[in-house]
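Worksheet: one structure, shown below.
The values are calculated or read from the model by the stated rules, or taken from the named source; none is laboratory data. Because the structure is predicted, anything quoted here is derived from the model rather than measured. So basically every Cβ, Gly included, is an ideal-geometry build from the backbone, and we count neighbours across all protein chains shown. Accessible surface is based on the protein model in full, side chains and every heavy atom, while ligands, DNA and RNA are left aside. Shrake-Rupley method; radii C 1.70, N 1.55, O 1.52, S 1.80 Å.
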Amino acid sequence: HGVDSDPGMVRRCAELGLQAVIGDANDYLEGVQDGTLGTVFSAQVIEHLPHLELQRMLELALRKLKPGGLFIAETVNPHRISSLKTFWVDLSHQHPIFPEVALAACAIAGFQSGYVFAPTFDSFESARFQSPAYAVVATAPEDPAAN
């Protein structure tokens, strides 16, 4: 299931046989039953959210995930100078989110553990200044009472 604010992207999903609706990610998550999702994934979304909406997304994702479920958020890597320079070309960007901050925000929201990776790189340390994007992966606690 997917949600996107861009009608063209939702149409493209339908063309590919995928379920998607036009909407806001947080509003969509509000309507999902708690503890039912295996994964919440976002690509190039979190940098568009004001701080309080990002916090809300993390808290909602944690509530909606099954124990041990994953929250994955891919975003621009501000450690790469050229990515940080072009970040502000998109006027809808709110703020770059450094991977260290993304991990801390996930921990504050109550996720059990987390790590950062960059596709095609062996480790984030080798990718830190080269990869245009990174993803934070956070795991919901196995025991929901731990939240």
Listed residues G38, G68; which is modelled with pLDDT of 95 or more, surrounded by fewer than 17 Cβ atoms within 10 Å (Cβ to Cβ) and on the phi < 0 side of the Ramachandran plot? G38
Condition check: modelled with pLDDT under 95 and either touching a His at 6+ places or on another chain (Cβ under 6 Å) or closer than 21 Å to G38 by Cβ (or both). Does P141 satisfy that? no
I need the full set of residues from segment 96-123 which are open to solvent by 30 Å² or more (accessible area, probe 1.4 Å), part of a loop (DSSP other than H, G, I, E, B) and farther than 17 Å from K64 by Cα, in order please. P96, F98, P119, T120, F121, D122, S123
Would you check if F87 is aromatic (F, W, Y) and touching a Leu at 6+ places or on another chain (Cβ under 7 Å)? no
Given the criteria open to solvent by less than 60 Å² (accessible area, probe 1.4 Å) and either closer than 25 Å to P119 by Cβ or not hydrophobic (A, V, I, L, M, F, W, C) (or both), does S5 qualify? no
So which pairs qualify, if the first residue must be in segment 25-41 and farther than 11 Å from H1 by Cβ and charged (D, E, K, R), the second must be modelled with pLDDT of 95 or more and not in a strand (DSSP E or B), the Cβ gap must be under 7 Å, and the two must be at least 6 apart or on different chains? E30/L60; D34/R63; D34/K64
Verdict on E74 being closer than 18 Å to F111 by Cα, among the charged types (D, E, K, R), open to solvent by less than 60 Å² (accessible area, probe 1.4 Å) and modelled with pLDDT of 95 or more: yes
In segment 124-147, which residues are among the acidic types (D, E) and open to solvent by less than 10 Å² (accessible area, probe 1.4 Å)? none
